[in-house]
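Engineer: One structure, pasted below without further comment.
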Amino acid sequence: MVEDHEEENMLNICRYVDEKFQEYRQQLLKQPESTVMVLAALSIAEELFELRNQLSETEKNEQVMMKRVNTRLEQLLEDIRG
């Protein structure tokens, strides 16, 4: 059985895909629907890849920051212990 939030998520995804399709349909009036669908799908996939790369970079930056913070905290504790 599908839960309410899953159904809502699926409807939101469907709306998003349809919006992309309509956006490309307006730009490519003379192209067959299959071409428009493929281009819309590729556009969505490109967005996904870009967001994944951004997330990966953010996670790397957070790891570097946490290492710096931990190093400084360790130094501070050593100074306190003296």
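Engineer: Could you identify the single residue in LEU76, LEU51, LEU39 that is of a type outside the set (Gly, Ala, Ser) and either in contact with a Phe, Trp or Tyr (Cβ under 9 Å, 6 or more places away or on another chain) or in contact (Cβ under 8 Å) with a residue 24 or more places away in the chain (or both)?
Structural biologist: LEU39
Engineer: Also, quick follow-up: Does TYR24 qualify as being part of a helix (DSSP H, G or I) and touching a Leu at 6+ places or on another chain (Cβ under 8 Å)?
Structural biologist: yes
Engineer: Could you tell me whether GLU78 is surrounded by 10 or more Cβ atoms within 10 Å (Cβ to Cβ) and at pLDDT below 95?
Structural biologist: Considered against the rule, which asks whether it is surrounded by 10 or more Cβ atoms within 10 Å (Cβ to Cβ) and at pLDDT below 95, GLU78 comes out as no.
Engineer: Something else: Only one residue in SER56, SER43, SER34 is at negative phi, surrounded by fewer than 10 Cβ atoms within 10 Å (Cβ to Cβ) and in a helix (DSSP H, G or I), so which one is that?
Structural biologist: Going through SER56, SER43, SER34 in turn, the sole match is SER34.
The values are calculated or read from the model by the stated rules, or taken from the named source; none is laboratory data. As the structure is a computational prediction, the values presented were derived from the model and not from experiment. Glycine gets a Cβ as well: all are built from the backbone with ideal geometry, and neighbour counts include every protein chain shown.
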